[in-house]
Amino acid sequence: MILFEFFKGIFPYLLCVPLGYFVSKKGWLPKKWVTIPMIFVLMPVLIVNHVLKADAESLKLLPAIGFILALSMLIPAEIFNRYFGKGTEKGLIQSSFSFYNVAFFGIPTVIALFGKDSVTLLICIYIGTALYGDIIGYYQVAKSKYGLRESLMRVFKIPFIYAFILAASLRIGGIESPDLLADVSGVFGILVSVGGMLIIGMNVSSVDFTKLRYRFLSGMMSIRLVSGVIFTAILLVGEYYLFDLLSTEARQMMAIVPLFPIAANVTLFASFLKADEAATATWILVSMLISLILIPLAGLFF
């Protein structure tokens, strides 16, 4: 039943991958028409709405756990880069290990496994991973093209930072999410998932499948997966013994995060910076195929 519900929920969004591939090959839809609304409008609205809805314990702990997980993944990324990363931009390898597709892939996934109300918990996790990804992670990617000063300046142009500050300020001020914002947020969540899958398809259109680096890909996926599971287990055990404040559902949701594919943000930023777009699209596609196998299997234990 869980397997059926998962694939029923995720399948419509997966159809957007070949659609993105098709429209990109035809030249009908520029990528910036998808990326700009997602980065500057859709995700900021989702962040504000769900921060205002989240309970205090989840809002304190889940972002911290998500951030520490993303930061910890720099360790296996460094190991992988040393042995497999020759000829590949180090910043993109680091981002691919630390960026989990918590938003674009995660929203339809957790709705299928946990229900619509679970999205608020997911956004709490996303805040932590995005605080890492949109600051440290973006800098790692940007420095491959720009200098130190320019890269730092570009970090402060990312809308997520200001959306988070706004949401936190409203939360501290005791302001609740209005019904209209909640309704809009539901629609925007769907659009984010659709847009993320479209971007994956668009970038896959530039991949030469005859030149895939199988040793590179197998090493990246296995090291990333095993490391993510270990770090997440350590963090959840630590939370249980030190605080024991998270709900069972929050722990289960956090437990499947290391099974999520590499975030579409890697291709969004690679597209924005014109750096290794085809390579990052391949990494994301392979990691997504692995996720489609592992996540429903993990769901059987819930």
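Bear in mind that the values in this text are calculations on the coordinates, not laboratory data. From a predicted model like this one, the values you see are computed outputs, not experimental measurements. Neighbour counts are summed over all protein chains in view; Cβ atoms, including those assigned to glycine, are modelled from backbone coordinates with ideal geometry.
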- Query: Along segment 117-125, what does the Karplus equation 6.51 cos²θ - 1.76 cosθ + 1.60 (θ = phi - 60°) give for ³J(HN,Hα), rounded to whole Hz, x for Gly and Pro?
  - Reply: 5, 6, 4, 4, 4, 4, 5, 4, 5
- Loop sites in segment 1-44: chymotrypsin sites (Phe, Trp or Tyr not before Pro), DSSP, at most 11 other Cβ within 10 Å: Trp28
- How many nm is it between the label spots at Tyr214 and Val237, if each spot is 7 Å from the Cα in line with the beta carbon? 3.6 nm
- For n ≥ 4 DSSP H runs only, could you compute -39500 (n - 2.57) per run for the chain, divide by its residues and tell me the 222 nm figure to the nearest 500? -23500 deg cm²/dmol
- Message: Taking the Cα centroid of segment 20-41 and of segment 172-230, what is the distance between the two, rounded to the nearest whole Å?
- Response: 15 Å
- Candidates Gly137, Gly186, Gly195, ranked by Gaussian network fluctuation over the chain, Cα under 10 Å, top entry: Gly186
- HN-Hα couplings for segment 102-116 via Karplus (6.51, -1.76, 1.60; θ = phi - 60°), in whole Hz with x for Gly/Pro, come out as 6, 8, 5, 8, x, 4, x, 5, 6, 5, 5, 8, 10, x, 4
- Query: Given a cut-off of under 8 Å on Cα pairs at least six residues apart, what relative contact order in percent is computed for segment 2-299?
  - Reply: 32 percent
- Query: From the list (1) 20.0; (2) 19.3; (3) 24.7, can you say which value of Kirkwood radius over Cα pairs in Å was derived from the structure given?
  - Reply: (2)
- Per-residue HN-Hα couplings for segment 74-86, Karplus 6.51 cos²θ - 1.76 cosθ + 1.60 at θ = phi - 60°, whole Hz, x for Gly and Pro? 5, 5, x, 4, 5, 5, 4, 4, 5, 9, 10, x, 4
- Query: Could you give the nm distance between label points at Lys32 and Phe7, where each point is 7 Å from its Cα heading toward the beta carbon?
  - Reply: 4.0 nm
- Item | Sites matching chymotrypsin sites (Phe, Trp or Tyr not before Pro) across segment 166-263 that sit in DSSP coil, with at most 16 neighbouring C-beta atoms within 10 Å | Phe243
- Query: Long-range amide H contacts for Tyr100: which residues qualify at under 5 Å (H placed 1.01 Å from N, peptide plane, sequence gap of 5 or more or a different chain)?
  - Reply: Ala263
- Note on the structure: Once Asp179 and Lys86 are pulled to full extension, the length gained, defined as 0.36 nm per residue separation minus their Cα-Cα distance, is 28.3 nm
- Item | Along the chain, longest interval not containing exposed trypsin sites (Lys or Arg not before Pro), exposed being DSSP loop plus at most 13 other Cβ atoms within 10 Å | 158-273
